[in-house]
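Read the structure below first, then the notes.
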Amino acid sequence: MPVIDVTKNLDDRSITITAEFDAPVERIWQIYADPRQLEKIWGPTEYPATFVDHEFAPGGRVTYHMTSPEGEKYAGYWIVDTVDKPTGFTFRDGFATEDFTPIDSLPLSRNAYSFADKDGRTVATYVSTYETVDALEKVIEMGVEEGAAQSLNQIDGLLTI
């Protein structure tokens, strides 16, 4: 499994996931730059993602929804802050209504995804930071930690296609 470490830090209100992939940095980058590939790994397998908008550039907006086994849709959005192809990007990730209106009562995370070469493999570091400890605890209770790890572990399957 690609995920090698998950660390929760209440002091800085963050979750950090480290993963290692048997692929070069550029290949891992392509997954996030291409919405059709991103759909294959974003969210748990039983909640497939559909990316509607994918403006993967500073100031860009990315919108998506995940569909439950019962057909319910759960929407989210990113506001892309920085893009440093192919070594990383930062964005804000929030929950939204079905028409992609932000839900201000649910936590917004600030995310930094970075990709580094390690002998032809990629070490990926995913850091999500929340405004408050309560917000971090809420998303942990909602299963974000497990969902994120499950999503990242799907990347190996995508690399074999």
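Taking a 1.4 Å probe, which of SER114, SER14 shows the most accessible area, and what order do the others take after it?
Details: SER114 50, SER14 5 Å².
If we order SER114, SER14 from most to least accessible, we get SER114, SER14.
Could you grab the relative contact order for the chain? Cα pairs under 8 Å, six or more apart, rounded to a whole percent.
Numbers: 354 pairs, mean separation 42.8, N = 161.
So the answer I get is 27 percent.
Each residue of region 85-95 in order: what ³J(HN,Hα) in whole Hz does its phi give by Karplus 6.51 cos²θ - 1.76 cosθ + 1.60, θ = phi - 60°, with x for Gly and Pro?
Those phi angles translate into 4, x, 9, x, 7, 10, 6, 9, 10, x, 8 Hz.
Please give the calculated 222 nm ellipticity per residue for the chain, where each DSSP H segment of at least 4 residues contributes -39500 (n - 2.57) and the sum is spread over every residue; nearest 500 deg cm²/dmol? Could the numbers behind the result be given before it?
Details: 5 runs with 39 residues, N = 161.
Value at 222 nm, helices only: -6500 deg cm²/dmol.
At 1.4 Å probe size, what's the solvent-accessible area of HIS65? Round to the nearest 10 Å².
30
Which helices, taking whole DSSP H runs in the chain, have alpha carbons extending 18 angstrom or more along the helix axis plus mean Kyte-Doolittle at least 1.6? Spell out each step's value before the answer.
Working: long enough: none.
Flagged H segments: there are none.
For region 70-161, what is the relative contact order in percent, using Cα pairs closer than 8 Å and at least 6 residues apart in sequence? Write out the running numbers ahead of the final one.
On the way: 126 pairs, mean separation 16.7, N = 92.
About 18 percent, as a whole number.
Could you compute how much accessible surface PHE89 exposes when probed at 1.4 Å, giving the result in Å² to the nearest 10?
My reading of the accessible area for PHE89 is about 0 Å².
Would you work out what percent of the accessible area of the chain, with all protein chains in place, is carbon or sulfur (probe 1.4 Å)? Please list the in-between numbers first.
Values: 4220 of 8240 Å².
C and S fraction of accessible area: 51 percent.
Quote the accessible area belonging to ARG36 in square angstrom, nearest 10, computed with a 1.4 Å probe and with ligands, DNA and RNA left uncounted.
120
The values are calculated or read from the model by the stated rules, or taken from the named source; none is laboratory data. In this text the structure is predicted, and so the values were computed from the model without any measurement. Note: areas computed on protein heavy atoms with side chains; ligands, DNA, RNA excluded. Shrake-Rupley method; radii C 1.70, N 1.55, O 1.52, S 1.80 Å.
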